[in-house]
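Peer 1: Quick one: the structure is below, and I'll ask about it shortly.
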Amino acid sequence: PEMYNASAKLTAWLCDRFSIPKDRNHIIAHGEWQNVTWKGWMATNFPGIDVTCNNHTDPGPFWNWTLYMGLITSDTLAPKIASVVPAQSATNVPAYKDVAISFTSPMDIASTNSAFSIAPSVAGSLAWNADSKVLTFHATNFFAFSTTYTVKIDGTAKGAISGKGLDGNGDGVGGDSYQFSFTTAPVDTTGAVVVQSYPRDGETNVSLFADVKVTLNEPITQASLAGRVFIEDSTGTSVPFNNGKYETIADRGVISFTPTKLQRNKLFRIKLLAGLKDLYNNDSKSDVIIQ
């Protein structure tokens, strides 16, 4: 913080002294020759300057430009809460869901971590995104089922730029807390099931180059996919595929891949064998066949 503050004060003074605009086209780093947008702006506005006159990359990929520019432009507003996940009063929240709190400006990490609390208490860890505007809480062993939790950020959480306490009630004055609650879903004792697929079961006129996509009603452990996903022809002969991928999208598990040797006017089957494990270690109990 001391380095950011000292450098920003010097840069702000230089901008004011020599009427230099306080933006990222004019406040740059040695590594700007890697910035395509800036090089294009320079070509238009200062075509006589060689933008590739060095090969340095400082200050490097971890320099917090949002924080730095905020210090230079003297953002003095108290930070507010921009959004929270889960939403206020949300119900049936998956027990594996992370809590994420987004702020309107970069936060002082130490004071904000100290200001964070969750009740009932649950073991977990705090992490921040690159520009110090999103705080994520990850429960070590998931939340308890059918339980209401209250998350609180005290007004002692400070903005990294303004130094002011959190404006929890949105009245423009810092120093007050913000809290929200959510309730987790009931106990999950069943494995994942298929809720959608492409191609659909029974679909015809499918492209020979179509990507297969199977959506499950909940995330699964990627390791449980090993040896359980197949595509085969009507004789039971396996068809090779590539680009196999598993993703979690909107709290659903999505399996996708590209078959490589489909033939015209032939029947093919997608098979998911039983044993796919959800995040609570529940197994799917039966095979799924889509043809």
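Laboratory data are not the source of any read-out in this text; all were calculated from the coordinates shown. Quantities reported herein were computed from a predicted structural model and do not represent experimental measurements. With ideal geometry, Cβ positions are generated from the backbone for all residues, glycine too; neighbour counts draw on all protein chains shown.
Peer 1: If eta is 0.692 mPa s and T is 37 °C, what Stokes-Einstein diffusion coefficient results for the chain, Kirkwood Rh from Cα pairs, in µm²/s?
Peer 2: On the way: Rh = 23.5 Å.
Using the Kirkwood radius from Cα pairs, D works out to 140 µm²/s.
Peer 1: Follow-up. Which of the lysines could a cross-linker bridge to K266, judged by Cα under 28 Å and excluding same-chain residues fewer than eight apart?
Peer 2: Within reach: K213, K245.
Peer 1: Rounded to two decimal places and with Rh computed the Kirkwood way over Cα pairs, what is Rg over Rh for the stretch 147-218?
Peer 2: On the way: Rg = 23.9 Å, Rh = 17.3 Å.
That ratio equals 1.38.
Peer 1: Also: Tell me the mean residue ellipticity at 222 nm calculated for the chain from its helices only (DSSP H runs of n ≥ 4, each -39500 (n - 2.57), averaged over every residue, nearest 500).
Peer 2: Values: 4 runs with 42 residues, N = 291.
About -4500 deg cm²/dmol.
Peer 1: Using a 10 Å cut-off on Cβ atoms, rank the peptides 212-220, 84-92 from the highest mean neighbour count down. Intermediate values should be presented prior to the final figure.
Peer 2: Numbers: 212-220: 19.2, 84-92: 13.8.
The packing order, highest mean first, is 212-220, 84-92.
Peer 1: At q = 0.25, 0.29, 0.33 Å⁻¹, what log₁₀ I(q)/I(0) does the stretch 243-282 have when each alpha carbon counts as one equal point scatterer in the Debye sum?
Peer 2: Computed log10 I(q)/I(0) values: -1.04, -1.16, -1.22.
Peer 1: Just to be sure I understand: with springs between alpha-carbon atoms less than 10 Å apart, which residue in S146, S162, S197 has the highest mean-square fluctuation in the Gaussian network model of the chain?
Peer 2: Judging by the Gaussian network model, the answer is S197.
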